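These notes concern the structure reproduced below.
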Amino acid sequence: MKKISNSLLLLLLLCAIPVTYAAIQPVETVLMEEETLYEVYDATTKKWSEAKLDRNPEANGGDENFWNIVYSQMMYPDRAQRAKIEGDVVLTMTISKKGQLVELLVKEEIGGGCEEEAFNAIKVASTNRFVPAMLDGKPVKVRYDVRINFSLK
C-alpha cells in the first residue's frame with residue numbers, strides 16, 4: 001500500500017510542476033487541409049497577387065532545419081508565463097528573388113513578449129537565406145504567413 005501511495009504522490013507532484021515550452025510549427029503544418037497562401041510581387045504593377053508557384057521558397061538546409069533553428073532560439077517569455085498567455089503569433093515573411101528575408105512583420109499578437117521572441121528567432125534562422133520561389137521558371141519575390149504556437153504544458 002505504501003509503494004502505491006508513494007508512486008501516486010510522485011505522479012501528482014510531477015503533474016503539478018509546470019513545464020513550459022514554445023511549440024513551433026509553420027503554417028503548412030498547422031493548416032494541413034489548406035495550402036499555404038503565397039503572394040507574388042509584380043514589379044511592373046507594384047502589386048501583390050496570389051499565385052500557384054512552380055516551387056515554393058525553401059530555407060537553405062531544408063525547412064525542417066530552419067524550424068529546428070527557430071525552435072532552438074525560442075524561450076517562453078517570463079511575462080507570458082506569469083500571465084499564462086498562450087496562443088499563436090503570426091508573422092508575415094517576405095523573401096526576395098535572391099532568397100533573402102527582406103521583410104518580417106508581426107501580423108497577429110498575443111502579448112507578453114511572445115511576438116519579440118518569435119520575430120528574433122525567425123531573424124536568426126533566416127541568416128542562412130532561402131532558395132527563392134519560382135514562377136514560370138523565374139525567381140520571384142513572395143510573402144507568406146508563418147504561425148508560431150506558444151503553449152504552457
*Express in whole angstrom the spacing between the alpha-carbon centres of the range 65-83 and the range 90-140.*
16
*asked:* Cut-off is 10 Å between beta-carbons; in what order do Thr92, Thr44 appear when sorted fewest neighbours first?
replied: Thr44, Thr92
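Readers should treat all values here as calculations from the given coordinates under stated rules, not as data from a laboratory. These numbers were taken from a predicted model, which means no experiment stands behind them. FYI the Cβ positions are ideal-geometry reconstructions off the backbone, even for glycines, and counts take in every protein chain you see.
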